1. Report the one residue of Val95, Leu83, Ala115 whose Cα lies farthest in the direction of the positive end of the charge dipole of segment 81-152 (charges on C-beta: Lys and Arg +1, Asp and Glu -1; origin at the Cα centre).
2. Using the Karplus equation 6.51 cos²θ - 1.76 cosθ + 1.60 (θ = phi - 60°), what ³J(HN,Hα) coupling, rounded to whole Hz, does each residue of segment 72-83 give in order, writing x for Gly and Pro?
3. Relative contact order of segment 28-160: what whole-number percent is it, with Cα pairs under 8 angstrom and at least 6 residues apart?
4. Keeping all protein chains in the complex and leaving out DNA, RNA and ligands, what accessible area do you get for His46 with a 1.4 Å probe, in Å² to the nearest 10?
5. Whole number in Å², please: accessible area per residue of segment 58-150, 1.4 Å probe, ligands, DNA and RNA not counted.
6. Given Lys50/Lys135; Lys135/Lys160; Lys135/Lys156; Lys36/Lys125; Lys101/Lys160, which pairs have Cα atoms separated by over 27 Å?
7. Can you give the net charge of the other residues whose Cβ lies under 15 Å from the Cβ of Glu90, counting K and R as +1 and D and E as -1?
8. At 1.4 Å probe size, put Ser78, Ser38 in order of accessible surface, largest to smallest.
Amino acid sequence: MTTYCIVFSLILVLNFFVGTTPWTIYGDEVVAFTAKVSRDVTFGSHDIIKYDAVMTNLGKSYDPQTGIFTAPYDGLYSISCSLMAHYNNEVLLRVVKNGGKVSKLYSASKTYPQAGQTLLLLLNKGDKIWVQNDKPQSASLHDHGSYNVFSGFLIKALIK
């Protein structure tokens, strides 16, 4: 796995310097995003979390204005997220696919615990993934640009 990551990184760097557009690896499109919350933020009941600080958005499939990732291809994707609640409240987040619950993350109050998970999901082109508050009241995330992250990448495009 490590060798694959090194080779993948080298190909991306070489493509960048050569100026290849769109970014390709062995003929496959590259889809990868990582975005984080850049500051402490409070969001309302069932609000979608908008990870505003985009670090990577190859394929431009993550929209920081909406907080939604849209799968550009049918395929197997890795989706990850992490959570740290603000000290004064607990937070329950829901990972959502097309409006349906996929998973949940929980962070208790008064302790600054972190939660995180990685999901392997078969997605169809156009499927939407987001993270939202799963509670009927507002909640606050503790962050200074490093604790609350949402990311994903295409592992392999699939042909139906």
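The values are calculated or read from the model by the stated rules, or taken from the named source; none is laboratory data. Source: prediction; values computed, not measured. Backbone-built Cβ (ideal geometry, glycine too); neighbour counts: all protein chains shown. Protein only, heavy atoms only, side chains kept; ligands, DNA and RNA dropped before computing areas. Shrake-Rupley method; radii C 1.70, N 1.55, O 1.52, S 1.80 Å.
1. Val95
2. Whole-Hz 3J(HN,Hα) from phi for segment 72-83: x, 9, 5, x, 9, 10, 9, 10, 10, 8, 9, 9.
3. 39
4. Probe radius 1.4 Å; accessible area of His46 about 90 Å².
5. Accessible area per residue: 45 Å².
6. Correct reply: Lys135/Lys160; Lys135/Lys156.
7. Taking every other residue near Glu90 into account, the sum is +3.
8. So the residues, ranked largest to smallest area, are Ser38, Ser78.
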